[in-house]
Amino acid sequence: MKCFRVGVVGATGMVGQRFVSLLDGHPWFRLAAVAASPKSAGKLYGEAVKGRWAMARPIPQKAAGMTVLDAVADRRKMAGLVDFIFCAVDLDKASTRELEEDYARLECPVISNNSACRALPDVPMVIPEVNPGHLAVIPSQRRRLRTRRGFIAVKSNCSIQSYVPALHPLWEFGINRALACTCQAVSGAGKTLEGWPQMADNVIPFIPGEEEKSEREPLKIWGNLLHGEILPLPSPFITTQCLRVPVSDGHLAAVFVSFDHKPDREEILARWEGFQGLPQQLGLPSAPKQFLRYFPELDRPQTRLDRDLENGMAVSLGRLREDSQYDYKFICLSHNTLRGAAGGGILLAELLASQGYLS
């Protein structure tokens, strides 16, 4: 695999920092440029994130010495320095879509962590192990954007990264309805426990826009590709509640599900244990060897103990049992800034590179 030059747009924020950290030493991708808001532009990256670097490992030395570009004003320069970008900007949806499409029209592929383009029918929203086939919509998007190489691919919302992968291997049993209550870490809001004193000894029972995305996005991920568009499925019916909890990293979900053809408990466990997606088959650098891991202990998975499983890229499952209202209920957990954000974006880029979309 060739070494690709990579840019991070929105590099000073929580997810941008995670991208910068994960790219350090990546076998396929080399960080070549960083961009952020005008207040950071012109500074060295180490200076721009001084006092707010939120990662456990130090700022990579090479990144620290890079001059931060203006994500908007310098987009043409940025596009000329890299082979593709990861985008994690903090802008309103209209401005984000405009910016991402501008980069794509500059023939710079965009792997986006943002929600602005997720609903567009010709933009693939991909969990690499679940719906890699949706990348086939990219030529249609290129025709709309009138590009040869540029396109936008997005990762899904972090809140669904635990329960959609858990439900996916059970699809053939006819999932007809599901309920998920997610307990979401403060890093999902771009914050730390130390910097958000209101979260101490507290749960906030509302995250703006999160429940709508959590209910809608799985239907696109499971959707059908037809005539150059991804058509979301009309079902299963999914309802969610999303809570912000005083945890640094890791989104945990309590899930309830019913089927047209109810499987045995042992069959569900076997499907989870044996599930492999295309990233595992290809041996992509960031892919967990075992995507879904079931814990038989009654008190697992636990956020602090299990969020970093397989470098934070695996999904942890537990407490599968029958339910009085639904067929089954269980607990699942994913790391929201690794599997759910930057790590998932890098795995998506690896998948795109392996399939020739970044060449």
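The values are calculated or read from the model by the stated rules, or taken from the named source; none is laboratory data. The shown structure was predicted, so the numbers you read here are calculated from the model rather than taken from an experiment. For neighbour counting, all protein chains shown are included, and Cβ atoms are generated from backbone atoms with ideal geometry for every residue, glycine included. The accessibility values were calculated without ligands, DNA or RNA, using every heavy atom of the protein model including side chains. Shrake-Rupley method; radii C 1.70, N 1.55, O 1.52, S 1.80 Å.
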Report summary line: Of the convex hull drawn through the C-alpha atoms of region 170-214, the volume per residue in Å³ is 111
Query - Euclidean distance of C-alpha centroids, region 174-237 and region 261-298, integer Å - result: 21
Report task. May I ask you to list the chymotrypsin sites (Phe, Trp or Tyr not before Pro) in region 176-262 that are in a DSSP loop and have at most 16 other Cβ atoms within 10 Å of their Cβ? Result -> Phe206
Query raised in the report: In region 115-198, which GluC sites (Glu not before Pro) are in a loop and have at most 15 other Cβ atoms within 10 Å, using DSSP for the loop call?
Result: Glu194
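Taking every DSSP beta bridge with both residues inside the chain, roughly what % is antiparallel (nearest 5)? Provide the component values of the computation, followed by the final result.
Details: 25 of 56 bridges.
The antiparallel proportion sits near 45 percent.
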Query raised in the report: Which value, in Å² rounded to 10, gives the accessible area of Arg319 with a 1.4 Å probe and all protein chains present?
Result: 100
Query raised in the report: region 151-303: D in µm²/s via Stokes-Einstein (Kirkwood Rh, Cα pairs, 37 °C, 0.692 mPa s)?
Result: 190
Query raised in the report: Helix 210-221 versus the longest principal axis of the chain: what angle, 0 to 90°, nearest 10, using Cα atoms?
Result: 90
Report task. For the chain, calculate the relative contact order in percent as a whole number, restricting contacts to Cα pairs under 8 Å that are 6 or more residues apart. Result -> 17
Query - Intensity falloff of the chain expressed as log10 I(q)/I(0), Debye formula with alpha-carbon point scatterers, at q = 0.08, 0.13, 0.14 Å⁻¹ - result: -0.37, -1.00, -1.16
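Just by accessible area at a 1.4 angstrom probe, what is the order of Thr239, Thr337, Thr67 from largest to smallest? Walk me through the numbers on the way to the answer.
Numbers: Thr239 45, Thr337 5, Thr67 75 Å².
In descending accessible area the options line up as Thr67, Thr239, Thr337.
Do you know the relative contact order of region 1-141, to the nearest whole percent, from alpha carbon pairs under 8 angstrom that are 6+ apart? Walk me through the numbers on the way to the answer.
Working: 238 pairs, mean separation 33.2, N = 141.
Computed over region 1-141, the figure is 24 percent.
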Query raised in the report: Relative to the longest principal axis of the chain, what angle (0 to 90°, nearest 10) does the C-alpha long axis of helix 93-105 take?
Result: 60
Query raised in the report: By accessible area of protein heavy atoms, probe 1.4 Å, what ranking do Glu215, Glu100 get, highest first?
Result: Glu215, Glu100
Query raised in the report: Against the longest alpha carbon principal axis of the chain, how many degrees, from 0 to 90 and to the nearest 10, is the axis of helix 14-23 turned?
Result: 80
Requested in this report: Identify the trypsin sites (Lys or Arg not before Pro) of region 132-210 meeting these criteria: DSSP loop state and at most 14 other C-beta atoms within 10 Å of the C-beta.
Outcome: Arg146, Arg148
